[in-house]
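Everything below concerns the one structure shown next.
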Amino acid sequence: MLDIKKIRKDPEFFKQKLATRNVDPKDIDEVLALDEKRRELLQQTETLKAKRNAASKKIGEAKRNHESANDAIAEMRQVGEDIKKLDVEVEENDAILNDKLAHLPNVPRDGVPVGPDEDSNREEYKVGEPTKFAFEPKHHWDLGEKLGILDFDRAAKVSGARFVYYVGLGAQLERAVYNFMLDEHMKEGYTEVLPPYIVKAQSMYGTGQFPKFKEGVYQVNGEDMTLIPTAEVPLTNYFSGEEIPTDKLPVYVTALSPSFRSEAGSAGRDTRGLIRMHQFNKVEMVKYVKPETSFDELEKMTKNAENILQKLGLPYHVITLSTGDMSFTSAETHDIEVWMPAQDKYREISSCSNCTDFQARRMHITYRDENGKLQLVHTLNGSGLAVGRTVAAILENYQNEDGTVTIPEVLVPYMHGITKITPANAVPFNYLHK
């Protein structure tokens, strides 16, 4: 959430910056009008409280002098009723004001490319040459289904579209990938966490998914609970309402978790394969840092994600998202897109964002600066990486003409020495596969 005091101080700055994020300047005017009304109501309340105190004093004096205090008592009662009415007005005004503020996105950092959508994103650099084959590369879903390690049909029978069974060496490959990721992140100083997969609405509000993006998640009917769309939610909320000791900053945490997304609005997009699923595994990275280091920490986090791809030998490029494409809570986002040979293009596999103090203000996560004054931390989050998409990239980039898939060298120890997935070793009960 944005700081209303800063908006009040320089509204034109916020109008200009948020206009690049498709926010109407009138929305800022509405926020300021509600803020002004709030301060007027509070001033009226303070005036009435002073009046009530004066009436109370009159009553005390009248009683000490054995005089009638009826008029003063009546006046105090009326003032009390007026204060109650004003308190209701303040509460109603605050609810509208907070809702308006909750729908305003974070301010983009200077230098972030300005544009309405992904077409305005800026490529920063490429790593590795796009994989080329002497044969026509197969899509990962075709490879997986032929080997029997990905079963979309039976998942659709059991759960519906956009679900999958990983079977045999497919399941082992998924497990190898996320264990490798976690091990690498721990080498970089991240503490592994196993978080809850269901969270309260307040936690979703804290990281910015609520109230604006409720349609994208699965909520538990009749309960104040939501299946997490990303481990960012429980990880970032870990210190909600707390002061982090300054000498403990920065704090790095990482977690493997399933992510649950309704994929509302994605009809017709990526209907096959592992790219856009209702349930998928993801290794998440989250940082709590001091404000002055947060953009340096963003670059480090991006490198942490890149490290995984480099060691897996997967070609990729890094882009900076435009103001119209970056996430609601982000001030700057670097996306990493991995090369998918069968699609002949790069696809997103990681998104690393600096949310500055936007989330911390909602969650009240603080630390003390060198003067002992409470300040909001900056929070960062990034995929390290989306596991299913990594498996898809491995299948496509490491495929062989005969339909087998070579295991990247760094994953062989995690695969118990298996170096290649073949029809013979993929799934013990392959005869059951369609």
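Scaled against 2.2 N^0.38 Å for its residue count N, the alpha carbon radius of gyration of region 50-109 is 1.95. Note: relative contact order over region 1-115, using C-alpha pairs below 8 Å and six or more positions apart, is 41 percent.
With all projection directions averaged, the alpha carbon convex hull of region 383-423 covers 3.2 nm². Over the chain, DSSP H runs of length four or greater, each weighted -39,500 (n - 2.57), average out per residue to a 222 nm ellipticity of -12500 deg cm²/dmol. For the Cα trace of region 265-312, dividing Rg by the Kirkwood Rh returns an Rg/Rh value of 1.14. Hydrodynamic radius of region 318-425 by the Kirkwood approach over all distinct alpha-carbon pairs: 17.0 Å.
As an equivalent ellipsoid, region 81-143 spans semi-axes of 55, 19, 8 angstrom, where each value is the square root of five times an eigenvalue of the C-alpha gyration tensor, largest first. Note on region 220-348: lysine pairs with Cα distance below 20 Å, sequence gap of 8 or more or different chains, count 12. Which of A155, V107, V217 sits farthest toward the positive end of the charge dipole of region 82-229, with +1 on the Cβ of Lys and Arg and -1 on the Cβ of Asp and Glu? Going by the Cα projections, it comes out as A155.
Straight-line cross-link partners of K37 among the lysines, defined as a Cα under 23 Å from its Cα and at least 8 positions apart when in the same chain: K5, K6, K9, K15, K26, K49, K51, K84, K85, K100.
Bridge orientation summary for the chain: considering DSSP beta bridges with both residues in this region, about 95 percent are antiparallel.
Ordered from largest to smallest accessible area (heavy atoms of protein chains, 1.4 Å probe), the residues D119, D151, D344 come out as D119, D344, D151. Spin-label model, K26/D110: points 7 Å from Cα along the beta carbon direction are separated by 3.1 nm. Here the contact order of region 198-266, divided by its residue count and restricted to Cα pairs under 8 Å and six or more residues apart, works out to 39 percent. A Cβ-based charge dipole, computed about the Cα centre of region 152-240 with Lys and Arg at +1 and Asp and Glu at -1, lands at about 300 debye. How much of the calculated P(r) for the chain lies past 39 Å, in percent of all Cα pairs? When all Cα pairs of the chain are counted, 33 percent exceed 39 Å. Size check on region 161-257: the Cα extents along the three principal axes, sorted descending, read 43, 41, 18 Å.
For the pair region 36-92 and region 352-374, the centres of their Cα atoms are 39 angstrom apart.
Considering only the Cα atoms of region 270-353, their convex hull presents on average a projected area of 6.7 nm². First obtain the Kirkwood hydrodynamic radius of region 1-159 from its Cα pairs, then insert it into the Stokes-Einstein equation at 4 °C and 1.567 mPa s, and state the resulting D in µm² per second as a whole number. After rounding, the answer is 57 µm²/s.
Note: relative contact order over the chain, using C-alpha pairs below 8 Å and six or more positions apart, is 20 percent. Legend: Rg and Dmax of region 198-244, from Cα coordinates, 10.5, 35 Å. Rounded to the nearest 20, the size of the Cβ-charge dipole of the chain about its Cα centre is 800 debye, with Lys and Arg at +1 and Asp and Glu at -1. In whole percents, the pair-distance distribution calculated for region 172-315 from its alpha-carbon pairs, binned every 5 Å from zero, is 2, 8, 16, 19, 19, 17, 12, 5, 1, 0. Calculated on C-alpha atoms, the gyration radius of region 235-279 divided by its Kirkwood radius gives an Rg/Rh of 1.23. As a rough guide to protection, the peptides 364-375, 219-230, 97-108 ranked by mean Cβ packing within 10 Å, highest first, stand as 97-108, 219-230, 364-375. Quick one: among D24, D71, D153, which has the greatest mean-square fluctuation in a GNM of the chain with alpha-carbon springs under 10 angstrom? The residue that fluctuates most here is D71.
The values are calculated or read from the model by the stated rules, or taken from the named source; none is laboratory data. This is a predicted model, so every value here is computed, not measured. Don't worry about glycine lacking a Cβ; one is built from the backbone with ideal geometry, like all the others, and counts go over all protein chains shown. We work out accessible area using only protein heavy atoms, side chains counted, and drop any ligands, DNA or RNA first. Shrake-Rupley method; radii C 1.70, N 1.55, O 1.52, S 1.80 Å.
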